[in-house]
Amino acid sequence: MRFSALILKNLTRRPLRAALTLIALTMAVASVVALRGIAKGFTESFAAIYESHSIDIVVSRQGTADRLSSSVSEEAVGQIERLDGVARAAGVLLDTLSLEDQQIFGVPTMGIAADSWLREDFRWRERRSAVAGSAETPPKQLSLGIHLADRAGISVGQNVMIFEEPYVVDGIFESSSVWENGSMIMPLEQLQAISDRSGQVTYINVVLDRAVGSKDARSIVDQIHAVDSRLHAMTTDEFVGTDTRMQLASSMAWMTSIIALAIGAIGTLNTMMTSVLERTREIGVLRAVGWPRRRVIRMIVSESIMLALLASFFGGGLAILATDAMSRHPAVRGVLVPAIDAATLLEGTVLSVFIGLLGALLPAKRAASVMPTEALRNS
């Protein structure tokens with residue numbers, strides 16, 4: 001019998017036990033891949049906010065623990081825009097509001113000036129036409145991302161209630177950032193009034209001249225710091241990569257994955273150890289006919305790795321199906337955008353093989369210690 005056929009036969013000898021171990025490993029791998037994919041998708045969605053507007057540098061307040069709640073003077077926008085190498089700059093105020101009648105809470109809301117170039121980067125699905133010749137005071141306005149509009153069932157021209165005041169929906173927009181598709185946009189002055197942050201923005205988006213290289217970008221960052229020591233400028237990659245929310249999401253994904261991996265490793269250890277104990281006579285016979293210890297070890301480890309590879313295949317597929325189904329749910333549509341790519345699947349496979357090896361170490365050592373006399377004693 002060929003070595004590979006022997007391994008397969010050993011695994012199928014106790015199909016129920018092997019299936020239960022495979023299920024445990026599959027769930028562990030699925031958890032790792034799904035959580036890593038969700039964390040990566042969260043980071044990519046956050047980065048897409050700035051990529052969709054071709055932002056090179058993001059300026060927030062120095063020393064703010066949560067950069068998305070920082071407070072920067074709106075006057076700094078003009079000061080930064082006058083620096084050499086800066087093409088344009090715009091301030092954005094972030095807040096969280098709720099659509100009360102629709103029972104949708106915690107909606108990300110961006111305050112952007114009505115004449116800002118940032119608005120030009122959105123693809124407007126529909127916009128409300130201004131009423132010509134009207135002497136009435138313009139109503140309070142806001143625009144909805146396409147996912148938020150679909151979720152709320154709201155169209156252009158309708159009113160929504162915020163803090164018990166009516167706001168007319170003047171546009172439905174679409175962005176390459178999924179996060180923005182689930183958000184709202186208000187005129188900057190309007191959101192400043194609601195949040196009682198007159199003259200303040202959360203951060204400043206900066207676009208550099210096309211001729212500016214990466215080395216010059218670092219120089220402009222230094223110039224921004226010289227404008228006001230309270231400003232903290234970073235390139236977009238640095239801003240996204242060091243954000244507390246992104247780091248927390250990644251850490252939570254890994255911590256939860258470690259628990260799932262530990263459960264999978266214990267299941268593998270239990271199965272392989274039981275298998276070795278039940279096959280003491282068989283292993284002793286193999287040793288008696290000339291099998292060296294390393295070949296016995298290779299057999300046990302190969303069985304465990306085969307289980308791990310099967311688990312990585314099924315686990316990866318399960319993670320893709322589960323996260324795709326979750327992302328389509330109305331409650332998280334536009335918020336949960338998993339990014340399960342080849343690298344994430346490879347991570348799951350590597351970790352699966354690792355816990356397979358970990359679970360096989362003790363059983364392999366026990367199998368290698370079986371002496372040929374054991375076969376006679378148990379016959």
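Bridging of Lys9 to lysines at a Cα separation below 24 Å is possible for Lys365, once same-chain residues fewer than 8 apart are set aside. Along the charge dipole of segment 45-133, Cβ charges K/R +1 and D/E -1, which of Thr96, Ala114, Gln62 sits furthest on the positive end? The residue sitting most towards the positive pole is Ala114. Each of the trypsin sites (Lys or Arg not before Pro) that DSSP puts in a loop and that has at most 13 other Cβ atoms within 10 Å breaks the chain; the longest unbroken stretch is 83-209.
Spin-label pair Asp237-Arg328: with each label point 7 Å from Cα along the Cα-Cβ axis, the two points sit 3.6 nm from one another.
By the combined test of axial Cα extent (at least 15 Å) and Kyte-Doolittle hydropathy (mean at least 0.0), the qualifying DSSP H helices of the chain come to 15-51, 244-278, 293-327, 342-368.
Surface composition of the chain: carbon and sulfur make up 58 percent of the accessible area, probe 1.4 Å. Full extension of the chain between Ser229 and Arg245 gives 3.3 nm of extra length, using 0.36 nm per residue less the Cα-Cα distance.
Over the chain, accessible surface divided per residue gives 50 Å², non-protein components excluded, 1.4 Å probe. Its Cα centre serving as origin, the chain has a Cβ charge dipole (Lys and Arg +1, Asp and Glu -1) of approximately 3600 debye.
Considered as an equivalent ellipsoid built on the Cα gyration tensor, segment 90-202 has semi-axes of 18, 18, 16 Å, the largest given first. The heavy atoms of Glu126 present about 90 square angstrom of accessible area, all protein chains included, probe 1.4 Å. Taking a point 7 angstrom from the Cα of Ile263 along the C-beta vector, which residues in segment 19-43 have backbone N less than 19 Å away? The answer is 19-39, whose backbone nitrogens lie closer than 19 Å to the label point. With one equal scatterer per alpha carbon and no solvent term, the Debye-computed log10 I(q)/I(0) for the chain at 0.06, 0.12, 0.13, 0.15 1/Å reads -0.39, -0.92, -1.02, -1.22.
Kirkwood radius and radius of gyration were both taken over the C-alpha atoms of segment 1-104, and their ratio Rg/Rh is 1.35.
The values are calculated or read from the model by the stated rules, or taken from the named source; none is laboratory data. Everything quoted here is computed from the prediction, not taken from an experiment. Cβ coordinates were reconstructed from backbone atoms using ideal geometry, including for glycine residues, and neighbour counts include every protein chain displayed. What goes into the accessible areas is simple: the full protein's heavy atoms, side chains included, and nothing from ligands, DNA or RNA. Shrake-Rupley method; radii C 1.70, N 1.55, O 1.52, S 1.80 Å.
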